[in-house]
1. Within segment 189-216, which residues are aliphatic (A, V, I, L, M) and touching a helix residue (DSSP H, G or I) at 6+ places or on another chain (Cβ under 7 Å)?
2. Which helices (runs of 4 or more DSSP H) sit wholly inside segment 142-213 and have at least 1 residues that are open to solvent by less than 10 Å² (accessible area, probe 1.4 Å), small (G, A, S) and at pLDDT below 90?
3. Given the conditions (1) out of contact with any Ser or Thr (no Cβ under 7 Å at 6 or more places or on another chain); (2) modelled with pLDDT of 90 or more; (3) open to solvent by less than 20 Å² (accessible area, probe 1.4 Å), and given that F347 satisfies all but one, which numbered condition is not satisfied?
4. Do we have any residue at all in segment 56-75 that's touching a Lys or Arg at 6+ places or on another chain (Cβ under 7 Å) and either modelled with pLDDT under 80 or surrounded by 18 or more Cβ atoms within 10 Å (Cβ to Cβ) (or both)?
5. Give the residue that is surrounded by the most Cβ atoms within 10 Å (Cβ to Cβ), with candidates limited to residues of segment 307-344 that are among the β-branched types (V, I, T) and farther than 30 Å from Y426 by Cβ.
6. Pairs, please: C-beta under 8 Å, at least 6 apart or cross-chain, first residue over 18 Å from W252 (Cα atoms) and in segment 139-153, second open to solvent by 10 Å² or more (accessible area, probe 1.4 Å) and part of a loop (DSSP other than H, G, I, E, B)?
7. Looking at the structure I just gave you, is A446 part of a helix (DSSP H, G or I) and either open to solvent by 10 Å² or more (accessible area, probe 1.4 Å) or under 17 Å from Q334 (Cα atoms) (or both)?
8. Against the conditions (1) touching a Phe, Trp or Tyr at 6+ places or on another chain (Cβ under 9 Å); (2) of a type outside the set (A, V, I, L, M); (3) within 26 Å of K32 (Cα to Cα); (4) surrounded by 16 or more Cβ atoms within 10 Å (Cβ to Cβ), where does R268 fall short? Just the number, please.
Amino acid sequence: MSDNPSPDRIIEDLGGCGRFQVRMSIVVHMMKTLVTFSVTSMIIISPTPKWWCDDESKYKNISSCVQHENGTQTIVCTLESCSVNWSACNNYGYSETGTIVEEFNLVCNQDYIPSTVMTLQVAGTLAGNLLAGQISDMFGRKPPFFTSIVILIVSNLIGFLSFNWIMFAVARVLVGLGAGCFLSVQYSLLSEFSLAKWRSWIIGFPSWPIQACVFALLGWLIQDWRHIQLLCCLLGVPCLLAWFVIPESFRWYIAHDKPEKAEVIIRRIAAFNKRQLYHVGHLIEKPKSTTPSFHKYSVIDMLSSKLLIRITLLSALNWFALGLVSYGLAFEIQALSGNVYLNFFLFSLVGIPSKGIGIWLQNRLGRRLLTMVCYAIVGICGIIVGTVQSINAENRDILTNTFALIAYAIIALAWGPIQTMTIELYPTVIRNVSFGTLGVVGRVGAMVGPQLVYLNNYVTGLLYFVCGAVSFICVAGCVGLPETKDSNLSDKLGETKNVATPV
């Protein structure tokens, strides 16, 4: 390992993990609440309640379809039938209200729409990853970061006002766009103000599962999809005030040869951390690079050397699996036995200790080995559940819920080391475009996940077999990735060699 690059020495002089870094991390993770609520809302506002054809009856709830006589229960209206006496149904009754399925009658020949809307949302996230990654490396981290908040406010408002499913789908694409912009910039912004030993804590802190648990409770209390959209919209307004708290990355300024602007931010941080820096100017060294200062970095630079090509391809495999397994299992929550709010709460809850354990294990096993262990466990769980569903085993529902919960907890753990490793493998000049591009690959996997959930209704066990197979492939792929534990961040392309080489 080479000597510490200049920005890391500056962070040490600023106090390492000082008051400024703590405040900034808290503010950014609190802002993430808006993203968590907006993205995960699709899980609890789009489940399909029990329904029946209501053309020839005036049933108002599911109990109206049940007759009791001599201790026996008889269904007198056919559940989930798209026709009555071979005639297509035009009106439907529902056991529950407050979902988009009930609002827009997304059953029968429109039953594919909820999963498709989820996929469209992920497609928006994909676009956000790509755009924010490129823009933040060209123009700084702060502009796309706060643009994402504005997009989320507007998109949730459009969702609240939607009068048909097409308008709602457009709103969800915009939700994905805003979420993608935020998530692409968040970790780079935080990591560039921190030292290596704190990076796993900053990235691995379980803000998402904690916020998802809170959202599960709020969703259960509200139980109306429009009011949930309005809640997300209003939640974004105070997030805009963080503009006055979060600065541009001084590291980005240094990497783009703008030391004067970097010095202004460094002095602000020093004042807040109550540190005295007498000679900041000489600390801001311009890293040597064969790349011209006017060079505009892009996705192509992720493939500018043999090492970066290997890193990019194998990292892309990991990100694809993250998206596929995470979104597939998350959307499958609707199909699991039991109450959807309780299932969503439990699946979110297991992510909290998973993230905490992940931070501890990262600092002991390293990023790469922990990732391999996670994918191995997810692969085993996927094969078990797929087999259980295929053979219709006894206690199928209990086994499915249990192993799906374990797999979800482990994939939640895997996000930490993979995201941290991605941040540490790429230099500052292409860090965000790399994180965003790999996020795009993850969103491609996430687009496939909900569709596998839909197909799982027709090919039993398909979702879990695919998740298991992809996870085992990732175990083999991780062997070729470098270990980044305790490594400093590099700033220019020529410094990429500072990362450890694979065993």
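1. Answer for segment 189-216, where residues must be aliphatic (A, V, I, L, M) and touching a helix residue (DSSP H, G or I) at 6+ places or on another chain (Cβ under 7 Å): L189, L190, L195, I202, I203, I210, A212, A216.
2. Values: elements: 142-161, 165-191, 196-204.
Here the list reads 165-191, 196-204.
3. Failing condition for F347: (2).
4. Quick first cut of segment 56-75, residues touching a Lys or Arg at 6+ places or on another chain (Cβ under 7 Å) only: 62.
Retained after the next criterion (residues that are either modelled with pLDDT under 80 or surrounded by 18 or more Cβ atoms within 10 Å (Cβ to Cβ) (or both)): 62.
Yes, the conditions are met somewhere in segment 56-75.
5. Checking each candidate, the answer is I333.
6. Listed by first residue and then by second, the contacts come to I153/V237.
7. In short, yes.
8. Looking at each condition in turn, R268 falls short on (4).
The values are calculated or read from the model by the stated rules, or taken from the named source; none is laboratory data. Please read these numbers as outputs of a predicted model, since none were measured by experiment. Note: ideal-geometry Cβ built from the backbone for every residue, glycine included; neighbour counts use all protein chains shown. For accessibility, only protein heavy atoms count, side chains too; no ligands or nucleic acids. Shrake-Rupley method; radii C 1.70, N 1.55, O 1.52, S 1.80 Å.
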